[in-house]
Amino acid sequence: MVTRAERNSTDPDLGVLSGRLLFGVQRELFTALAELGFDDLKHRHGAVLAYLDAHGVRPTELSRLSHQYKQVIGTLIDELEALGYVERRPDPSDGRAKLVFPTERGLAQMRAADSILAAMQRRHAQMVGREDYQRFKELFFQITENQRSYVHDLSDD
């Protein structure tokens, strides 16, 4: 009889493959960022950093985009603010709301992360071919969006 662990090592399911990809990308990204001087970041900060915008973004939008609870995003913003990556400013369109902006350090991290991720993508495209890699991304996006439709929107909580 084949055990589940043996099956997942030879014929991994969607969850195992997705986890391997996520953890591998995070490990490479955060290792490279640390080598560039951003060694105070943790993988969990990616829920905010991945969706940060130079023109500011509301915490509720970060929650919606990352599919994380508002409280989790609030804690991550607090941590990133203490580390000097983001700052909160009043939203000019709504005085009651705040926007989260990257600081100069945050902008430098965003540029570095974009460069690292672009290099990862080029490497994978080179390995399997540009057309196949583009098709993989299109299919992976469709599967991801289809899966997301089965989970309620956390920003409504």
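No value in this document is a laboratory result; all are computed from the given coordinates. Nothing here was measured: the structure is a model prediction, and the numbers come from that model. Positions of Cβ are backbone-derived with ideal geometry, glycine not excepted, and every protein chain shown enters the neighbour counts.
What percentages make up the Cα-Cα pair-distance distribution of the chain when the bins are 5 Å wide from 0?
Reading upward from the zero bin: 1, 8, 14, 17, 18, 16, 13, 8, 3, 1, 1, 0, 0.
Arrange 100, 57 by Cβ neighbour counts within 10 Å, fewest through most, would you? Numbers along the way, then the final one.
Numbers: 100 25, 57 19.
If I rank by nearby Cβ atoms, fewest first, I get 57, 100.
Using Cβ counts within 10 Å as a stand-in for footprinting exposure, how do 18, 115, 93 rank, fewest first?
If I rank by nearby Cβ atoms, fewest first, I get 93, 115, 18.
Run lengths n ≥ 4 of DSSP H only: what is the helix-derived mean residue ellipticity at 222 nm for the chain, with -39500 (n - 2.57) per run over all residues, to the nearest 500?
-20500 deg cm²/dmol
Using only alpha carbon positions, build the gyration tensor of region 36-75, then give the equivalent ellipsoid semi-axes as the square roots of 5 times its eigenvalues, largest first, whole angstrom.
Taking √(5λ) for each eigenvalue gives 18, 13, 8 Å, largest first.
Can you tell which of 73, 143, 116 shows the greatest fluctuation in a Gaussian network model of the chain with Cα springs below 10 Å?
Among 73, 143, 116, the largest GNM mean-square fluctuation belongs to 143.
5 Å is the cut-off here: which amide hydrogens, built 1.01 Å from N in the peptide plane, fall below it relative to residue 38, excluding neighbours closer than 5 in sequence?
Those qualifying (amide H under 5 Å, at least 5 residues apart or on another chain) number zero.
Mean separation of Cα pairs under 8 Å and 6+ residues apart, divided by the residue count of region 24-148: what relative contact order is that in percent?
Reported as a whole number, the value is 21 percent.
Using the 10 angstrom Cβ neighbour count as an exposure proxy, how do 67, 45 rank, fewest first?
Ranking 67, 45 by Cβ neighbours within 10 Å, fewest first, gives 67, 45.
Between residue 34 and residue 67, how high is the FRET efficiency from 1/(1 + (r/R0)^6) when r is the Cβ-Cβ distance and R₀ = 22 Å? Nearest 0.05.
0.30
Convex hull over the alpha-carbon atoms of region 23-99: what's its volume per residue in Å³?
93
If we restrict to alpha carbons, what Rg and Dmax does region 59-129 come to, in Å?
Final numbers for Rg and Dmax: 15.7, 50 Å.
Dipole size in debye (nearest 20) for region 24-148 around its Cα centre, Lys and Arg Cβ +1, Asp and Glu Cβ -1?
That gives region 24-148 a dipole magnitude of about 240 debye.
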